[in-house]
1. Restricting to the range 93-114, give me the number of residues that are touching a residue at least 12 places away in the same chain (Cβ under 8 Å), hydrophobic (A, V, I, L, M, F, W, C) and open to solvent by 70 Å² or more (accessible area, probe 1.4 Å).
2. What pairs come up if the first residue lies in the range 189-201 and is open to solvent by 70 Å² or more (accessible area, probe 1.4 Å), the second is assigned to a loop (DSSP other than H, G, I, E, B), and their beta carbons are under 8 Å apart, counting only those six or more places apart or on different chains?
3. Of the residues F90, F117, F66, which is among the aromatic types (F, W, Y) and surrounded by fewer than 16 Cβ atoms within 10 Å (Cβ to Cβ)?
4. One residue is enough: does the range 92-106 have a residue meeting the conditions farther than 27 Å from T220 by Cα and not aromatic (F, W, Y)?
5. Restricting the search to the range 213-225, which residues are open to solvent by 60 Å² or more (accessible area, probe 1.4 Å) and out of contact with any strand residue (DSSP E or B) (no Cβ under 6 Å at 6 or more places or on another chain)?
6. Which one is nearest to A79 (Cα to Cα) among residues in the range 19-51 that are of a type in the set (A, V, I, L, M, F, W, C) and in contact with a helix residue (DSSP H, G or I) (Cβ under 6 Å, 6 or more places away or on another chain)?
7. Could you list all residues from the range 18-36 that are open to solvent by 10 Å² or more (accessible area, probe 1.4 Å), under 15 Å from the mean Cα position of the chain (by Cα) and aliphatic (A, V, I, L, M)?
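The values are calculated or read from the model by the stated rules, or taken from the named source; none is laboratory data. All figures in this text were calculated on a predicted structure; none of them were measured in a lab. All Cβ positions, glycine included, derive from the backbone under ideal geometry; neighbour counts span all protein chains shown. Just so you know, the surface numbers come from the protein's heavy atoms only, side chains and all, with ligands and any DNA or RNA stripped out. Shrake-Rupley method; radii C 1.70, N 1.55, O 1.52, S 1.80 Å.
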Amino acid sequence: MSTSIIVGGSNGLGRVIAQHFADRGDTVVITSRDKARAEAVAAEIGGNTRGLGVDLSQPGSIAAAFGDVTEVDNLVITATSQTPNTLAEFDLDAAVTALTIKLVGYAETVRVLRDRFRPGASVVLFGGVAKDRPYPGSTMVTTHNAGLSGLVKTLAVEIAPHRVNALHSGIVGDSPKWRDVQNHPHLARTPIGRLVTMAEIVDATDFLLRNGGINAQELTVEGGVLAN
């Protein structure tokens, strides 16, 4: 039986990925900054799932938060802070929090859990297409998602032979964030004629975790919108 850790697994894409792992019989650990929320969602997911309180914006607390996790086969990190930020109205605290979560927090999570990786364990870090296509208010989101390009490369060297890759999703049309938004601008610009789905993001994540030849790579799942 595999043990899958989904950091940020209490909502959004992380929760759907956690459900996928639980449904196939994995031991699953999901995290949220709010421990009670993580535990409640874990109960909803069912199977052998439990919740932990982990706050990537406080990197010094990560090691203790994962203290009772003893083995890892799959590590998926989706946690993020998407507070809008621009230079014109720069929120310094929000900027520091966003970068701390996505870069320092991601790196510290991998460092903390590395010695509990089982043979064949691998990592997927979540970014987003804002790294290549900024939007109003994406100053820090674009910056930290672009930063994952460097992080996956150095981690792949440092945690070898374990693998690490990044997944950059486009607008996920049926996700809680976007499913009620009508006529998103990406819809008209996407060659496949629709937005990508949560099921496609789950499948892409699973591919990166299980395909032993994929390492230090960035997979963009956006239906081709960046081609336009």
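1. In the first step, residues of the range 93-114 are kept if they are touching a residue at least 12 places away in the same chain (Cβ under 8 Å); the result is 94-95, 97-110, 112-114.
Restricting the remaining residues to those that are hydrophobic (A, V, I, L, M, F, W, C) gives 94-95, 98-99, 101, 103-104, 107, 110, 112-113.
The next check asks that each one be open to solvent by 70 Å² or more (accessible area, probe 1.4 Å); those that pass are 104.
Counting residues in the range 93-114 that are touching a residue at least 12 places away in the same chain (Cβ under 8 Å), hydrophobic (A, V, I, L, M, F, W, C) and open to solvent by 70 Å² or more (accessible area, probe 1.4 Å) gives 1.
2. Partner pairs satisfying both residue conditions: R189/N228; P191/G223; P191/G224; P191/N228; I192/G223; I192/G224; R194/G173; R194/G223.
3. Numbers: F117 fails: surrounded by fewer than 16 Cβ atoms within 10 Å (Cβ to Cβ); F66 fails: surrounded by fewer than 16 Cβ atoms within 10 Å (Cβ to Cβ).
Criteria check complete, one pass: F90.
4. Applying the first criterion (farther than 27 Å from T220 by Cα) to the range 92-106 yields 92-93.
Right, trim to not aromatic (F, W, Y) and you get 92-93.
There is at least one residue in the range 92-106 that is farther than 27 Å from T220 by Cα and not aromatic (F, W, Y).
5. Across the range 213-225, the qualifying residue is only G213.
6. Taking the range 19-51 first, the residues of a type in the set (A, V, I, L, M, F, W, C) are 21-22, 28-30, 36, 38, 40-43, 45.
Of the ones still in play, those that are also in contact with a helix residue (DSSP H, G or I) (Cβ under 6 Å, 6 or more places away or on another chain) are 22, 28, 30, 45.
Values: A22: 19, V28: 16, I30: 11, I45: 18 Å.
So the residue we want is I30.
7. none
One line per residue, one yes/no per condition, for (1) of a type outside the set (S, T, N, Q); (2) open to solvent by less than 10 Å² (accessible area, probe 1.4 Å); (3) under 26 Å from F117 (Cα atoms):
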{"position": "S149", "(1), (2), (3)": "no, no, yes"}
{"position": "T154", "(1), (2), (3)": "no, no, yes"}
{"position": "E158", "(1), (2), (3)": "yes, no, yes"}
{"position": "H162", "(1), (2), (3)": "yes, no, yes"}
{"position": "H168", "(1), (2), (3)": "yes, yes, yes"}
{"position": "I171", "(1), (2), (3)": "yes, no, no"}
{"position": "P176", "(1), (2), (3)": "yes, no, no"}
{"position": "Q182", "(1), (2), (3)": "no, no, no"}
{"position": "L187", "(1), (2), (3)": "yes, no, no"}
